[in-house]
Amino acid sequence: MRTILIAAALFAPGTAWAAPGDIGCIEAKLGAAAMQRIGDGVVAAADKGGNPASALDADRDALIAARAACRTAGNWSPTAVQAAVSYTQGRATKLGAEAALRNDGLDAAKLAATYAALPIQDRKSLIEKASPGALTAITAVTSNARMRRHLLLFYSALAAIEFYPAEFAGL
């Protein structure tokens, strides 16, 4: 079946096929140090009430270069590029949020299991705007605002990692 889809994509004018394995291309080109730096920056910006997107500033040139290289190599559509960037940001945010949760004395593995137990609509809501069910799950863990913020970042990152690959694969 996959061979048929690939062949159809190759012969259809103006389409770009994005295989699920390719979504990690940007992360691979950035490297572990940049990913951790971005994730830590997202957490720091959120803690200061700033714009988490500013966490990309230090690695903006590397991110732009990685995005361009992956788009060219994979013949990605603009929509596929956006899904891959969002996935990469989720992966980086997860790294920063895990470190913050450890510093808060929380167990990221247990919290990931709690996330996985949420209904799919609550998990998916974390990509855009957290549903009441997702927010209830977060407030059930802690009443500390800083810890809740870290947990929300962690859950949002897990949602990005869970849902963007399927979107990417369908482009």
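The values are calculated or read from the model by the stated rules, or taken from the named source; none is laboratory data. This one's a predicted model, so the numbers in the text were calculated from it and none came from an experiment. Cβ sites come from the backbone with ideal geometry, for glycine too, and all protein chains shown count toward neighbours.
One residue alone among ALA130, ALA97 is surrounded by 14 or more Cβ atoms within 10 Å (Cβ to Cβ), in a loop (DSSP other than H, G, I, E, B) and among the small types (Gly, Ala, Ser), and that residue is ALA130. Going through (1) closer than 16 Å to PHE163 by Cβ; (2) part of a loop (DSSP other than H, G, I, E, B); (3) modelled with pLDDT of 95 or more one by one, GLY105 falls short only on (1).
Here are some residues: ALA112, ALA92. Which one is within 19 Å of the chain's Cα centre (by Cα), in contact (Cβ under 8 Å) with a residue 12 or more places away in the chain and crowded, with 22+ Cβ neighbours inside 10 Å? Answer to the selection: ALA92. Being closer than 18 Å to GLY41 by Cβ, out of contact with any Ser or Thr (no Cβ under 8 Å at 6 or more places or on another chain), free of Cβ contacts under 8 Å to residues at least 40 places away in the same chain and crowded, with 17+ Cβ neighbours inside 10 Å: is that true of LEU135 here? No; evaluated as a whole, the condition is false for this residue.
Checking LEU171, LEU158 one by one, the residue that is outside any helix (DSSP H, G or I) and touching a helix residue (DSSP H, G or I) at 6+ places or on another chain (Cβ under 8 Å) is LEU171 and no other. Looking across ALA166, ALA117, one residue alone is among the hydrophobic types (A, V, I, L, M, F, W, C) and under 14 Å from the mean Cα position of the chain (by Cα). It is ALA166. Scanning region 69-78 for residues that are assigned to a helix (DSSP H, G or I) and either surrounded by fewer than 13 Cβ atoms within 10 Å (Cβ to Cβ) or among the aromatic types (Phe, Trp, Tyr) (or both) returns THR72, ALA73, PRO78.
GLY133 meets each of the listed conditions (1) in contact with a Pro (Cβ under 8 Å, 6 or more places away or on another chain); (2) modelled with pLDDT under 95 apart from (2). Across region 21-62, the qualifying residues are those that are in a helix (DSSP H, G or I) and polar (S, T, N, Q), and the one among them that is nearest to ALA166 (Cα to Cα) is GLN36. Report whether or not ASP122 is among the acidic types (Asp, Glu) and over 19 Å from the mean Cα position of the chain (by Cα). The answer is no for ASP122.
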